[in-house]
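Nothing in this text is a laboratory measurement; each read-out follows from the coordinates by a stated rule. Note that the structure is a prediction, hence the values are computed from the model and not measured. Cβ atoms come from the backbone with ideal geometry, glycine included; neighbour counts cover every protein chain shown.
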Amino acid sequence: MKLQLFQIDAFSSSVFSGNPAAVVPLDEWLSDATLQAIAVENNLSETAFFVPADPGDDADFDLRWFTPAMEVDLCGHATLASAHVLASHLGFGPETITFATQSGLVSVARRDGRLALDFPARPGDPVPVSAQLSGALGAAPDEVISARDLMAVYATEKEIRTLAPDFARVRELEALGVIVTAPGEAPDVDFVCRFFAPRAGIDEDPVTGSAYCTLTPYWAERLGKTDLHALQVSQRGGELFCSHEPGAERVHIAGSAVSYLEGTISF
């Protein structure tokens, strides 16, 4: 069997930055074991697979995401990468692409030279700052929000950049991943973040679109702003443009994507 493979750097306008995702278009679903094996072989934070949706469905494609360790219910950068592949390599013409996923319908629209994700908001609830979390991250946050992931809020960007988590201890926390965030220092940057997910086989993810489903509502409310400019300050780095209306059930997360590699999987 031969399959097309694309590797896309998402949430970046240049290669060697942002978050690399593998994208594998399919005519029909392969077995879960085969999808997971391909993700393991690719050894990227996510591999996205999509198939054409059935006629009459609300979606254009059905989309799934796999880390090297597991299937996940929502992934931003690999969705952005999939839309980029469809528009730039596979000739999909409409301005908006709709995907059916484990998290419901999500869409990607081409706007102002960027790709904008329409994702569910996951605002979360405040929880106590635990000694277990503080010890795993290496410094106590000011507050913690619990959604799908735990979000630890710190006072300064410097604290986010210098955190050195104990990933074995992070893995023991009751959450898929841990977001750490603080206000941005640059005048035009509203907030910064990093994301750790050793449970999903990713110690630190370079750029994490799904994390902004929690980050965006939090910072929009805290800063009293609808539109936000964010940086993920991982080693590779990423830039995101987010928006959230008060009380809305959706967030918009926009960024750029660039093609790095095109090839063929043979097995």
| task | For the stretch 30-94, list log₁₀ I(q)/I(0) at each q in 0.12, 0.17, 0.20 Å⁻¹, using the Debye formula over Cα point scatterers of equal strength and ignoring solvent, two decimals each. | result | -0.32, -0.63, -0.84
| request: Quick one: check the C-alpha center-to-center distance for the stretch 49-91 versus the stretch 206-229, whole angstrom. | output: 23
| remark: Computed curve, the stretch 125-193, Cα-only Debye sum without solvent term, log₁₀ I(q)/I(0) at 0.24, 0.25, 0.29 Å⁻¹, is -1.06, -1.13, -1.40
| field | Cα gyration tensor of the chain - equivalent ellipsoid semi-axes, whole Å, descending | value | 30, 21, 17
| Distance in nm between label sites at Asn43 and Ser134, each 7 Å beyond Cα in the beta-carbon direction? | 3.8
| said: Test of understanding: in a Gaussian network model of the chain with alpha carbons linked when under 10 Å, which of Ala139, Ala182, Ala248 would top the mean-square fluctuation ranking? | reply: Ala248
| note | Binned at 10 Å starting from 0, the alpha-carbon pair-distance distribution of the stretch 119-163 in whole percents comes out as 26, 52, 21, 1
| message | Can you show me the helix-derived [θ] at 222 nm for the chain, built from DSSP H runs with n ≥ 4 at -39,500 (n - 2.57) apiece and divided by the number of residues, rounded to the nearest 500. | response | -5500 deg cm²/dmol
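Under the Kirkwood approximation for Rh and a Cα-based Rg, what ratio Rg/Rh is obtained for the stretch 51-135?
1.10
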| R0 of 30 Å, Cβ-Cβ distance Val189-Ser146: FRET efficiency to nearest 0.05 | 0.75
| Between His89 and Arg171, how many nm apart are label points set 7 Å from Cα along the C-beta direction? | 3.2
| said: Quick check: residue separation of Ser266 and Asp32 times 0.36 nm, minus the Cα distance between them. What number comes out in nm? | reply: 82.5 nm
| request: For a footprinting-style exposure proxy, rank His244, His77 by other Cβ within 10 Å, fewest first. | output: His244, His77
| message | Between Arg222, Arg148, Arg110, where does the largest GNM mean-square fluctuation fall for the chain, given springs only between Cα atoms within less than 10 Å? | response | Arg222
| Highest GNM mean-square fluctuation, the chain, Cα pairs closer than 10 Å: which of Ser45, Ser130, Ser107? | Ser130
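Can you tell me the mean projection area, over all orientations, of the convex hull of the stretch 125-247's alpha carbons? Units nm², please.
If I average the Cα hull's projected area over directions, I get 6.8 nm².
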